[in-house]
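Q: Starting off with a structure, shown below.
FYI, it's all coordinate maths here, none of it is from the lab. This is a predicted model, so every value here is computed, not measured. Reconstructed Cβ throughout: ideal geometry from the backbone, glycine too, with neighbour counts over all protein chains shown.
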Amino acid sequence: MPRIMYVEDDPSASLLVHRILAAEGYEVMEVDDGLAAIELARRAHPDLILMDINLPGIDGYAISTKLKSLPETRHIPIVALTANVIEGDRDRALAAGCDGYIPKPVDVDTFPHEIAAFLSGKREQIAETALLEKLEEHTRRLVNRLEATITELRNANAELRRIDKVKSDFIVLASHELRTPLTMIYGYTHLLRAEITALNLSPDINLMVEKLGTAAERLSRVVDDIVNVSLIDADQLDLEFVPLDLGALVHSIVEEYQSAIYERQQILQVEPMDHLPRIQADQKYLRRAIANVLSNAIKYTPDHGLIKIECVQTGEALDLMVQDSGIGINPDERDRIFEKFYVLENTDFHSSSPSRFRGGGMGLGLSVVRGVVEAHGGQVWVESEGYDEVRCPGSTFHLVLPIQPPLPEDLKRHDECEM
Ligand code: ADP
């Protein structure tokens with residue numbers, strides 16, 4: 001039996017037409033939106049399309065024109081259905097690409113015969129002069145609609161930008177507000193530690209203070225990442241370039257993560273880096289970037305896995321590689337993971353621990369890494385065969401950093417290339 005695609009946004013209007021067609025034994029596919037109709041027609045190749053003209057968004061005239069321009073759908077007869085018939089509707093529909101026209105409400109007695117006729121090849125004709133006039137009118141309507149849509153999009157875009165700015169301002173303010181009490185907690189925890197050692201208090205109190213210290217550290221890291229992302233967004237990272245021994249920096253970061261690696265019983269292999277030249281870099285920010293990559297390597301690698309850090313000189317830059325034997329990353333996610341707030345893992349795994357297996361955070365770590373490395377005039381990317389939590393193909397993150405600091409105009413040129 002022939003298949004009919006029925007494009008109608010009003011469910012009450014579609015009921016009668018649907019019943020009549022189904023009673024005749026036709027298979028009816030209903031769709032209530034213009035773009036979805038184009039998609040379905042391309043996929044399902046119906047034998048006939050019944051098109052309500054007054055659809056919200058893209059209207060039935062425009063959809064018909066589009067369908068008649070596609071090689072895979074141009075042969076399908078389109079019959080327009082219109083309520084509130086106004087003078088010239090029929091010619092307007094035919095000029096837009098429809099093959100026939102039936103006014104609404106449909107006549108229960110004649111409707112099935114009309115459908116059968118269109119299925120057997122009936123095509124309504126339009127006079128040459130009317131065609132030219134209606135085509136011109138149709139084009140004008142399309143251009144007007146396009147203009148209105150562009151204006152709407154522009155306004156929506158401006159509104160989104162405004163909301164995004166409000167959000168960013170709020171994040172920065174909230175983070176600054178958090179920083180002050182955090183510094184106090186941090187400072188007093190250090191003092192307490194010293195007191196406990198001096199007074200020889202019970203190990204329990206010692207442990208409590210240790211935990212307090214770790215929590216404060218973790219919290220300040222999160223706040224730092226939020227502030228850093230905001231600064232990167234606003235292009236306001238204030239880097240202080242000094243000659244830096246990358247090997248020494250890596251070793252001191254590894255030191256920081258030693259207990260997490262021990263807890264996860266992972267093996268960390270750091271290749272010698274003494275032979276490498278010093279680079280001009282900002283120690284504080286680069287430390288954060290490398291630490292974020294190492295922390296991810298620990299988190300996304302199972303217990304007993306291997307993490308390897310090595311660095312080679314490639315021309316005028318150093319390529320720092322952090323390789324893990326973890327769950328890996330799918331090819332289509334490799335760029336997106338560097339976007340802020342992008343979290344691949346199921347949020348059920350979310351964890352505030354810096355080491356828990358697959359314990360994703362806020363999705364800010366890699367965006368800070370990219371911002372910091374690019375502010376140094378470098379590049380960051382990841383290589384991975386794909387995601388597989390059983391086979392664990394691993395990932396290798398590359399942080400390529402120029403040995404000399406970038407000239408400001410080079411950074412500007414780099415930004416422009418990105419756009
Ligand atoms: P998060 O704080 O959630 O870890 P990141 O920006 O650091 O955020 O990472 C973004 C996403 O990239 C993570 O949610 C994770 O899915 C993926 N990812 C990052 N590093 C690795 C890695 N070494 N192996 C596998 N997936 C990773």
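Q: Take the Cα gyration tensor of region 278-333, multiply each eigenvalue by 5, square-root it, and list the three semi-axes largest first, rounded to whole angstrom.
A: Those come to 24, 14, 12 Å.
Q: Which shape class applies to region 1-122: rounded if a/c is under 1.5, otherwise prolate when a/b exceeds b/c and oblate if not, where a ≥ b ≥ c are the square roots of the Cα gyration tensor eigenvalues? Please list the in-between numbers first.
A: On the way: a/c = 1.27, a/b = 1.09, b/c = 1.17.
Rounded, because the longest to shortest axis ratio a/c is under 1.5.
Q: Can you list which of the trypsin sites (Lys or Arg not before Pro) found in region 73-127 are DSSP loop residues with at most 15 other C-beta atoms within 10 Å? Can you show the working numbers first?
A: Details: sites: Arg74, Arg90, Arg92, Lys122, Arg123; in loops: Arg74, Lys122, Arg123.
Within region 73-127, the qualifying trypsin sites (Lys or Arg not before Pro) (loop, at most 15 other Cβ atoms within 10 Å) are Arg74, Lys122, Arg123.
Q: Determine, for the chain, the count of lysine pairs separated by eight or more sequence positions (or lying on different chains) whose alpha-carbon distance falls under 18 Å. Present the calculation step by step, with values, prior to reporting the outcome.
A: On the way: Lys66/Lys134; Lys68/Lys122; Lys68/Lys134; Lys165/Lys340; Lys167/Lys340; Lys299/Lys308.
Step by step, the pairs that qualify in the chain add up to 6.
Q: Go ahead and run the numbers for FRET between His75 and Ala156, Cβ-Cβ distance against an R0 of 35 Å, rounding to 0.05.
A: It comes out at approximately 0.40.
Q: Using only the Cα atoms, work out Rg/Rh for region 43-198, with Rh taken as the Kirkwood radius, to two decimals.
A: Details: Rg = 30.4 Å, Rh = 20.5 Å.
Across region 43-198, the Cα-based Rg/Rh ratio is 1.48.
Q: Quantify how much of the Cα-Cα distance distribution of region 124-267 extends past 23 Å, in percent.
A: Values: 7016 of 10296 pairs.
The proportion of pairs with Cα distances above 23 Å equals 68 percent.
Q: Please give the peptides 14-20, 155-161 ranked by average Cβ packing (other Cβ atoms within 10 Å per residue), highest first, as a rough proxy for protection.
A: 14-20, 155-161
Q: Sticking with this structure for a sec: Neighbouring Cβ atoms within 10 Å as the yardstick, rank Met29, Met208, Met1 fewest first. Please report the intermediate quantities before stating the final value.
A: On the way: Met29 16, Met208 13, Met1 8.
In increasing order of surrounding Cβ atoms, one gets Met1, Met208, Met29.
Q: Roughly speaking, what is the stretch gain from Asp169 to Asp32, that is 0.36 nm per residue apart minus the C-alpha to C-alpha distance, in nm to one decimal?
A: Once the chain is fully extended between Asp169 and Asp32, it gains 45.3 nm.
Q: Here's something else I'd like to know. Rounded to the nearest 5, what is the percent of antiparallel bridges among the DSSP beta bridges in the chain?
A: 55
Q: Just rank Lys165, Lys134, fewest to most, by other beta-carbon atoms within 10 angstrom. Please report the intermediate quantities before stating the final value.
A: Numbers: Lys165 12, Lys134 21.
Lowest to highest Cβ neighbour count: Lys165, Lys134.
Q: Counting each DSSP H run of 4 or more residues in the chain as -39500 (n - 2.57), what helix-only mean residue ellipticity at 222 nm follows after dividing by all residues, to the nearest 500 deg cm²/dmol?
A: Values: 11 runs with 211 residues, N = 419.
That calculation yields -17000 deg cm²/dmol at 222 nm.
Q: If we count chymotrypsin sites (Phe, Trp or Tyr not before Pro) as exposed when they sit in a DSSP loop and have at most 16 other beta carbons within 10 Å, what is the longest stretch of the chain that avoids them all?
A: 1-240
Q: Report the rotationally averaged projected area of the chain based on its alpha-carbon convex hull, in square nanometres.
A: 30.7
Q: Please report Rg over Rh for region 224-278, where both radii come from the alpha carbon positions and Rh follows the Kirkwood definition.
A: 1.10
Q: What's the exposure ranking of Arg162, Arg141, Arg370, going from fewest to most Cβ atoms within 10 Å? Walk me through the numbers on the way to the answer.
A: Values: Arg162 10, Arg141 15, Arg370 22.
Lowest count first: Arg162, Arg141, Arg370.
Q: Trypsin sites (Lys or Arg not before Pro), restricted to region 195-293: which are DSSP loop and have at most 16 other Cβ atoms within 10 Å?
A: In loop regions of region 195-293 (DSSP not H, G, I, E or B), the sparsely surrounded trypsin sites (Lys or Arg not before Pro) are Arg278.
Q: Rg(Cα) of region 97-162 divided by 2.2 N^0.38 Å?
A: Compared with the compact-globule rule of thumb, region 97-162 sits at 1.79.
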